[in-house]
Amino acid sequence: MSSTFLGMPAVPPRSPYGTGNLRGERTFPAAAHDELRNEQLRGNLRKATHTIRGKRLAVTGELPDWERLRDAGSAIKTDTMNRLPELLEQLEGKVTEHGGTVHWARDGAEANEIVARLVEETGSDEVIKVKSMATQEIGLNEHLATRGITAYETDLAELIVQLADDKPSHILVPAIHRNRREVRDIFRAAIPGVDPGLDSVPAHLAAAARAYLREKFMTVPVAVSGANFGIAETGTLSVVESEGNGRMCLTMPDTLITVMGIEKVLPRYRDLEVFLQLLPRSSTGERMNPYTSLWTGVTPGDGPQAFHLVLLDNGRTAALADRIGREALNCIRCSACLNVCPVYERAGGHAYGSTYPGPIGAVLTPQLAGMHAAKNDPNSSLPFASSLCGACFDACPVKIDIPSLLVELRHQHTEQAGTTAEKLAMKAAAAVMKRPRLFTAAQKAAGPGGRLVAGRDRKISRLPAPFDGWTDSRDVPAPPRRTFRDWLASGEGEATLRAAAEEGARTADHPHEEEIR
Amino acid sequence: MTVTARETVLGRIRDALTLARPAEVTAPRAYRTGRTLPDDERLALFVDRLVDYKAQVRTCTADRAPAVIADALHEHGARRAGAPTDLDPAWLAAYDGEVQWDSPDIPARRLGELDGVVTASAAGCAETGTIFLNGGPGQGRRALSLVPDLHVCIVDLSSVVPGVPEAVARLIPERPTTLISGPSATSDIELERVEGVHGPRNLVVVIRTDS
């Protein structure tokens, strides 16, 4: 035991309700309902997710040690979470030693305030931004705007989203819901001085963005970035990117402010050898992304001469306090789980209402911001935005067991918020199922009535309360004429069972037959 | 005494780890490390990967390098090329355009007036076609290899290693380091890869096979 008694540990708070971008206005089913009608969106998403799936499989298949890299990545992240306090203090010490300044933020509002103050101290009323999930999560741009500071997003997709006054819908490619013609129209309408004859060829659209942002890179004196990794051992920060906008922002301005979630720390510089293999191959399906920048504090004569690192909690410690849920903090934001998810592919990112969409968003968002912060909290619907097919688990480079996390969150939701009627019905069902005779009687009773209310397609699409929640989003098949238990007790059932047992006994004599084949 | 955000956040983490005690883990590093490959295989792999990501590759012996560098600059119409102060001047001996030796007095935005830049490199990774720059000899400040639209980068085959772990082991953490794999690119519109956004749109890699 420690000699200083610090009192009982308290459960850390979630991201404060009503701040940032960790909660939508509607539940997932309600939002998805509208998105599903958008055929353009579904077409765009289908094309994009299928393209990237193929690329990811090709480049992960190239590495004979891919699974061993995943094992290492998973264990390094778990070890990181276990040792978070010492690693963050080590990171802070190293960044400071190399001329940087470290700030701590309990929540998004505090981080926003720190960044705004730092920008104001430089005298600039503009900042250029590298794509960053953390600053999106806390709504930094909106906060800076209230202080008269204009933030220019410099990632092409973020620029598209910003110019269209839209919201990101994907972790990696936030404008995935837009096709080239839509992007052309957005650029024509919103980029000052753009060629009115601009066409929809992606290369031409990229060139238009280059011309527009070039001047910003050369003149705006402050940049704000996120970080993919922060190395405790050396104080080195890292941004992984493709377009060179990251390099521009990290190199050209006088002042650099980096906002990093506390879970992004890694113990050793050497750990980069794992994550620089896992991240690009899982993310864009490339062997390596075009550019990765690594910097440690301030380097005289090279790049920004003022560097600030803002370490952000905003509900991360609340997630850490959940033995099962904390695994979601291992996420390296590659977005592979989005690209393989059948639910994401159809509903799109906006339906999740959070900065973090898709399977990982459905487990991360409720843990950062809570599920029951208000009546009918939209976040309480997120753990149900999944078919539990498990594709996300297979794709995750750090092996986050997203399906199990979803089930755990569903459990927590039911524990906290199960309606009385639902709970009563479940209790009644449990009582009946525990007594075989009663269960048989109930099945017999349900049969004729159920078949009567079912339509010609033998489906019941609306159950009475309290079961109506079930049929809101799915049909129930009509009860069969003969129950499984009836069948099992019949001669046919007995014969089938006997045959299966004999088959089992035969294969038990040759247990390795399957493997050899 | 007011509690600082630092104390609060660290306290919360300690509380979280007390409430849900973690099980100890040691990271298994069973993936490939410390690999070596013969020169010809390393070269072939490196070139294959560079070309796949649309870098232009020239291989030559060290004595031919100045002519190859001059050719590359000429081919891209570069009449004015930048170079780090400590770049070996012999490398630019065959170039007949204007050379602007870099200096801290030149504002980074003025680097846009250069048609191209010639630098050395710290290391290369064959399996991913990646070049590492870290401000070492002949590599210059980061802005120099970023702002001009053409980057001619000289890589010695002896500094090219098979994989990422071998390359990371060669880096010096305190130095500002840039990993470059092909010219800048984006896949932000319909996930269709477009080469050339903000960084140099043309990357020429000159591999000196006997250095």
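Scanning the range A:360-368 for residues that are within 14 Å of another protein chain (Cβ to nearest Cβ), buried (at least 24 other Cβ atoms within 10 Å of the Cβ) and either at pLDDT 95 or above or assigned to a helix (DSSP H, G or I) (or both) turns up at least one hit.
Restricting A:A211, A:A189, A:A206 to residues that are closer than 27 Å to A:L276 by Cα and not in a loop (DSSP other than H, G, I, E, B) narrows the list to A:A206. No other residue among A:L294, A:L272, A:L276, A:L266 is more than 7 Å from chain B (Cβ to nearest Cβ), of a type outside the set (D, E) and surrounded by 24 or more Cβ atoms within 10 Å (Cβ to Cβ) apart from A:L266. Among the candidates A:K77, A:K131, single out the residue that is part of a helix (DSSP H, G or I), out of contact with any strand residue (DSSP E or B) (no Cβ under 6 Å at 6 or more places or on another chain), touching a residue at least 60 places away in the same chain (Cβ under 8 Å) and more than 8 Å from every other protein chain (Cβ to nearest Cβ). Matching residue, one of A:K77, A:K131: A:K77.
Residues that are assigned to a loop (DSSP other than H, G, I, E, B) and surrounded by fewer than 22 Cβ atoms within 10 Å (Cβ to Cβ) within the range A:214-226 comprise just one, A:P221. When the test is whether a residue is touching a helix residue (DSSP H, G or I) at 6+ places or on another chain (Cβ under 7 Å), of a type in the set (K, R) and assigned to a helix (DSSP H, G or I), A:R287 does not pass it. The residues of the range A:290-315 that are among the hydrophobic types (A, V, I, L, M, F, W, C) and either under 24 Å from the mean Cα position of the chain (by Cα) or in a helix (DSSP H, G or I) (or both), listed by number, are A:L309, A:V310, A:L311, A:L312.
To keep it simple, each residue is scored yes or no on (1) among the acidic types (D, E); (2) more than 28 Å from B:L19 (Cβ to Cβ); (3) in contact with a Phe, Trp or Tyr (Cβ under 7 Å, 6 or more places away or on another chain).
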| residue | (1), (2), (3) |
| --- | --- |
| A:S293 | no, yes, no |
| A:Q305 | no, yes, no |
| A:E327 | yes, no, no |
| A:N330 | no, no, no |
| A:V343 | no, yes, no |
| A:A351 | no, yes, yes |
| A:S354 | no, no, no |
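Against the test of being among the charged types (D, E, K, R), without any contact (Cβ under 8 Å) to a residue 24 or more places away in the chain and in a helix (DSSP H, G or I), the options A:R42, A:R53, A:R68, A:R46 yield a single qualifying residue, A:R68. Selection of the range A:97-128 for residues being within 12 Å of chain B (Cβ to nearest Cβ) and in a helix (DSSP H, G or I) yields A:E97, A:A109, A:E110, A:A111, A:E113, A:I114. Among the residues of the range A:233-252, is there at least one that is surrounded by fewer than 23 Cβ atoms within 10 Å (Cβ to Cβ), more than 11 Å from chain B (Cβ to nearest Cβ) and touching a residue at least 24 places away in the same chain (Cβ under 8 Å)? So far as the range A:233-252 goes, no, none of its residues is surrounded by fewer than 23 Cβ atoms within 10 Å (Cβ to Cβ), more than 11 Å from chain B (Cβ to nearest Cβ) and touching a residue at least 24 places away in the same chain (Cβ under 8 Å). Among the candidates A:D165, A:D155, the residue that is of a type in the set (D, E, K, R) and at negative phi is uniquely A:D155.
Filter the range A:5-51 for residues that are at positive phi and more than 10 Å from chain B (Cβ to nearest Cβ); which is modelled with the highest pLDDT? Looking at the filtered set, the residue picked out is A:G20.
Taking the numbered list (1) part of a helix (DSSP H, G or I); (2) hydroxyl-bearing (S, T, Y); (3) surrounded by fewer than 24 Cβ atoms within 10 Å (Cβ to Cβ) in turn, A:S282 passes all entries but (3).
Residue pairs whose Cβ atoms lie under 8 Å apart, sitting 6 or more positions apart in sequence or on different chains, and linking a residue in the range A:188-203 that is of a type in the set (A, V, I, L, M) to a partner that is at pLDDT below 95 and exposed (fewer than 15 other Cβ atoms within 10 Å of the Cβ), do not occur here. Quick check: anything in the range A:316-333 surrounded by 24 or more Cβ atoms within 10 Å (Cβ to Cβ), outside any helix (DSSP H, G or I) and within 14 Å of chain B (Cβ to nearest Cβ)? No, the range A:316-333 contains no residue that is surrounded by 24 or more Cβ atoms within 10 Å (Cβ to Cβ), outside any helix (DSSP H, G or I) and within 14 Å of chain B (Cβ to nearest Cβ).
Within the range B:139-148, does at least one residue satisfy the condition of being charged (D, E, K, R), without any contact (Cβ under 8 Å) to a residue 60 or more places away in the chain, more than 8 Å from chain A (Cβ to nearest Cβ) and touching a strand residue (DSSP E or B) at 6+ places or on another chain (Cβ under 8 Å)? There is no residue in the range B:139-148 that is charged (D, E, K, R), without any contact (Cβ under 8 Å) to a residue 60 or more places away in the chain, more than 8 Å from chain A (Cβ to nearest Cβ) and touching a strand residue (DSSP E or B) at 6+ places or on another chain (Cβ under 8 Å). Is there a residue in the range A:336-348 that is within 12 Å of chain B (Cβ to nearest Cβ) and assigned to a loop (DSSP other than H, G, I, E, B)? The answer is no, given that none of the residues of the range A:336-348 is within 12 Å of chain B (Cβ to nearest Cβ) and assigned to a loop (DSSP other than H, G, I, E, B).
Scanning the range A:158-168 for residues that are away from chain B (no Cβ under 12 Å) and in contact (Cβ under 8 Å) with a residue 24 or more places away in the chain turns up A:L163, A:A164, A:K167.
Restricted to the range B:1-85, the set of helices (runs of 4 or more DSSP H) holding at least 2 residues that are more than 14 Å from every other protein chain (Cβ to nearest Cβ), within 20 Å of B:G116 (Cα to Cα) and at pLDDT 95 or above comprises B:65-75.
Here is the figure for the range B:120-165: residues that are in a strand (DSSP E or B) and aliphatic (A, V, I, L, M) total 9.
Annotation: of all residues in the range B:105-115 being assigned to a loop (DSSP other than H, G, I, E, B) and in contact (Cβ under 8 Å) with a residue 12 or more places away in the chain, the one that is nearest to B:R79 (Cα to Cα) is B:D115. Taking the criterion of being within 27 Å of A:N314 (Cβ to Cβ), part of a helix (DSSP H, G or I), acidic (D, E) and touching a residue at least 60 places away in the same chain (Cβ under 8 Å), would at least one residue in the range A:143-157 satisfy it? For the range A:143-157, residues within 27 Å of A:N314 (Cβ to Cβ), part of a helix (DSSP H, G or I), acidic (D, E) and touching a residue at least 60 places away in the same chain (Cβ under 8 Å): absent. Taking the range B:172-193 as the range and being of a type in the set (A, V, I, L, M), facing another protein chain (nearest Cβ under 7 Å) and either touching a residue at least 24 places away in the same chain (Cβ under 8 Å) or not in a loop (DSSP other than H, G, I, E, B) (or both) as the test, the residues that pass are B:L179, B:I180, B:A185.
The values are calculated or read from the model by the stated rules, or taken from the named source; none is laboratory data. Quick caveat, the model's predicted, so the values are computed rather than measured. For neighbour counting, all protein chains shown are included, and Cβ atoms are generated from backbone atoms with ideal geometry for every residue, glycine included.
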